[in-house]
Amino acid sequence: MECTSSVYLPTFHMGSSFFLWLFLIFSVIFSPVSAKHSVTWTYGVNYGRIANNLPQPESVVTLLKAAKINHIRIYDADHGVLQAFKGSGIEIIIGLPNEYLKEISIGEDRAMNWVQENVQAFLPDTRIRGIAVGNEILGGTTIELWEVLLPAAKNVYSALYRLGLQHTVEVSSPHSEAVFANSFPPSACIFRPDVAPFMKPLLEFFSQIGSPFYINAYPFLAYKNDPQHIDINYALFKDNRGIYDAKTKLHYDNMFEAQVDAAYAALDKAGFSKMQVIVSETGWASRGDPDEAGANVKNARTYNRNLRKLLAKKKGTPFRPKMVIKAYVFALFNENLKPGPTSERNFGLFKPDGSISYDVGFTGLVPSAAPPSILVSFKEIAGQGWLRWSYLLVSTAWAVVLL
């Protein structure tokens, strides 16, 4: 969503086109993002950092603002990242990693210390708007974490409440599709019998404090696991026959909305029909192993471009037409140190130098097709500092004027 701001634009008589051009560049880079979009935003990005070749967080802020991405999720509470986002206006959901859940669940004092050090210390300048307590806990293989998820979430919320931050910072916990027993057709979706005893009290707590249900929804993974029976066009938002849900009499022409409505159906059956579903992760790998069907640049570009178009409409799903779809795309960068299959390391929208991985409508900081003589490397921006880079911008601007 584009930010809006009121800025006095002076009138120039000589070289006005140059000054206007220069003003636009600096306004993108230095102006804070408006915070008046919390209700209407639909598009966010996950900023994962399991890599050794990524730009500094300060440069990431520049990239996000240039791309007009105003909402991000990170998977920890790294102080360098939180400090870099100070004053940016970009809203952040931080993560309480899985390995901390047992400790945080033991007592409120430990949760209080964590919240004070990782949340309160950075507010209000860094716009922390949520804490994701764990990631994909229920339905996962570490059963002992299932039992501590709810007490950990309660202790984190209690700490926020005692600090007067409960209306500023949301508490949630993202889930994978593994929490469902089945999801086809969407109306048939229910929570797994072994997950339900843990899920229901968690949902009751989130309902009491007004938190949404976060789900990691990946049509890519569904297609990769069953390419013989899933139409690739259905997974990529392209023209296809779609599916018909006989119970609800609803037609779905893409898998993404069907996955979201499956979550709504499961919530409905569990007694939480008013809870909003937000997609905490979704994306498509641009590269994969030979047995990872569909993992290529063409499909990644198609999926992410069409998803962005869908979210820009700010509409609901067939089953919940009044609930605007919101999603965080995975991911901002490829993460070259992530374990697992090749696809895990190739979900990035951008390259470490600030250029786009493929065209989904973002320009990036380094246009892929621009002449090398006028490009400024993303790492140069971070390494040389703003003063030197400002000089480079001015020099480039005069070069353009003189051409």
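Remarks
- Just one residue in the set 233, 240, 306 is open to solvent by less than 50 Å² (accessible area, probe 1.4 Å), touching a Phe, Trp or Tyr at 6+ places or on another chain (Cβ under 6 Å) and farther than 30 Å from residue 170 by Cα; that residue is 240.
- Given (1) among the aliphatic types (A, V, I, L, M); (2) without any contact (Cβ under 8 Å) to a residue 60 or more places away in the chain; (3) open to solvent by 40 Å² or more (accessible area, probe 1.4 Å); (4) more than 29 Å from residue 150 (Cβ to Cβ), index of the condition residue 221 fails: (4)
- For segment 132-182, residues that are closer than 15 Å to residue 209 by Cβ and not hydrophobic (A, V, I, L, M, F, W, C) total 14.
- When 159, 152 are screened for being crowded, with 16+ Cβ neighbours inside 10 Å, more than 24 Å from the chain's Cα centre (by Cα), small (Gly, Ala, Ser) and over 19 Å from residue 71 (Cβ atoms), only 159 passes.
- Residue count for segment 170-206 under the criterion of being without any contact (Cβ under 8 Å) to a residue 40 or more places away in the chain and within 21 Å of residue 254 (Cβ to Cβ): the result is 1.
- Some residue of segment 339-356 being modelled with pLDDT under 95, open to solvent by 50 Å² or more (accessible area, probe 1.4 Å), touching a helix residue (DSSP H, G or I) at 6+ places or on another chain (Cβ under 9 Å) and of a type in the set (Lys, Arg): yes
- All of 209, 230, 243 fail the test of being β-branched (Val, Ile, Thr), within 25 Å of the chain's Cα centre (by Cα) and over 21 Å from residue 42 (Cα atoms), apart from 209.
- Filtering segment 165-204 to residues that are open to solvent by 50 Å² or more (accessible area, probe 1.4 Å) and part of a loop (DSSP other than H, G, I, E, B) leaves 167, 168, 183, 184, 192, 193, 194.
The values are calculated or read from the model by the stated rules, or taken from the named source; none is laboratory data. These numbers come from a predicted model, not from an experiment. Cβ: placed from backbone, ideal geometry, glycine included. Neighbour counts: every protein chain shown. In case anyone asks, the SASA skips ligands and DNA or RNA and just uses the protein heavy atoms, side chains included. Shrake-Rupley method; radii C 1.70, N 1.55, O 1.52, S 1.80 Å.
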